[in-house]
Amino acid sequence: MNHPDSDRIAAARTLLFVPGDRPDRFAKAASSGADLIIIDLEDAVAPGDKDHARDNAAAWLALGNRAVVRINPPGTPWFEADLAQAADHGCPLMVPKAEDPYLLAEIAARTAGRCPLVPLVETALGIERAHEVCAVPGVARAGFGNVDLATQLGVAPDDHHALTHARSRLVLASAAAGAHPPVDGVTTAVRDLDALDTDITHARRLGFTGKLCIHPAQVPPATDGFTPTPDELRWARRILDAGESVTTVDGQMVDLPVLTRARTVLARAGQAP
């Protein structure tokens, strides 16, 4: 049976990080309009605050709130406790530094399928193994970690040219594995909405259908940016209204892949075909 959070993860256009050691920000993040929030126990939390952050996440989830929890990676002192808590609450897990499909499968097994996985692919090895990572049973959708990958490669995290190959590899791997399209990485220039818009446009062209956000101000533009435009919706309606036997619409060929794309556009806008 499909986990109830899996569909939410698949459809999410915006996933907003909130530091696990700042419980005062949880409610604000949840009311930001983001499709999902991610309580971060990893990069946003200093080592001395990890246990406290985990307790904050547990308290939030115990109240019936929903969130993805980014745990600390396997091999760290906090991984086992993070995983045990997530399994207790049955919340989705973002797994950082995802590059080992066997380890992901072990995490899925240890949570008994109660925690859909969002592997964050942010290493060169993770990109090389992206198909195997995305194909692990229990993986709901992959995320792209541009900042960590850029650091490893010695390039800037906002350099589209330098990271286009890696982004495309993750999109292709997701499709080949039968997984949902991945979520693009963060725009580190928090207040630069032009940079955010440029990043969203680039990611959409490559096949991403959502974005990781690090500030509530990024949520509305990202939501709009990953929502089909009125022109796209009109095109999809024209295609489907013409009927399946039509071979051209507005001078353009129409066949089964075109019909499928039109249905997908409407589905992403929450509209019935």
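The values are calculated or read from the model by the stated rules, or taken from the named source; none is laboratory data. All values derive from a computational prediction rather than experimental measurement. All Cβ positions, even for glycine, are placed from backbone atoms using ideal geometry, and neighbour counts span all protein chains on display. Accessible surface areas use protein heavy atoms only, side chains included; no ligands, DNA or RNA. Shrake-Rupley method; radii C 1.70, N 1.55, O 1.52, S 1.80 Å.
Couple of notes before you dig in:
- Against the test of being buried (at least 22 other Cβ atoms within 10 Å of the Cβ), part of a helix (DSSP H, G or I) and small (Gly, Ala, Ser), the options 236, 195 yield a single qualifying residue, 236.
- Residues of the range 222-233 classified as buried (at least 18 other Cβ atoms within 10 Å of the Cβ) and farther than 15 Å from residue 37 by Cβ, total: 3
- Considering (1) farther than 17 Å from residue 142 by Cα; (2) in contact with an Asp or Glu (Cβ under 8 Å, 6 or more places away or on another chain); (3) in contact (Cβ under 8 Å) with a residue 60 or more places away in the chain, the lone condition that residue 195 does not fulfil carries the number (3).
- Tally of residues being under 24 Å from residue 11 (Cα atoms) and not polar (S, T, N, Q) across the range 148-187: 19
- Which numbered condition residue 244 fails, given (1) in a helix (DSSP H, G or I); (2) at pLDDT below 80; (3) among the charged types (D, E, K, R): (1)
- Scanning the range 66-85 for residues that are open to solvent by less than 60 Å² (accessible area, probe 1.4 Å) and either basic (Lys, Arg) or assigned to a loop (DSSP other than H, G, I, E, B) (or both) yields 67, 70, 71, 72, 73, 74, 76, 78.
- Restricting 16, 41, 63 to those that are touching a Cys at 6+ places or on another chain (Cβ under 6 Å), modelled with pLDDT of 95 or more and among the hydrophobic types (A, V, I, L, M, F, W, C) reduces the list to 16.
- Selection status of residue 118, crowded, with 18+ Cβ neighbours inside 10 Å, under 26 Å from residue 59 (Cα atoms), of a type in the set (A, V, I, L, M) and out of contact with any Cys (no Cβ under 7 Å at 6 or more places or on another chain): yes
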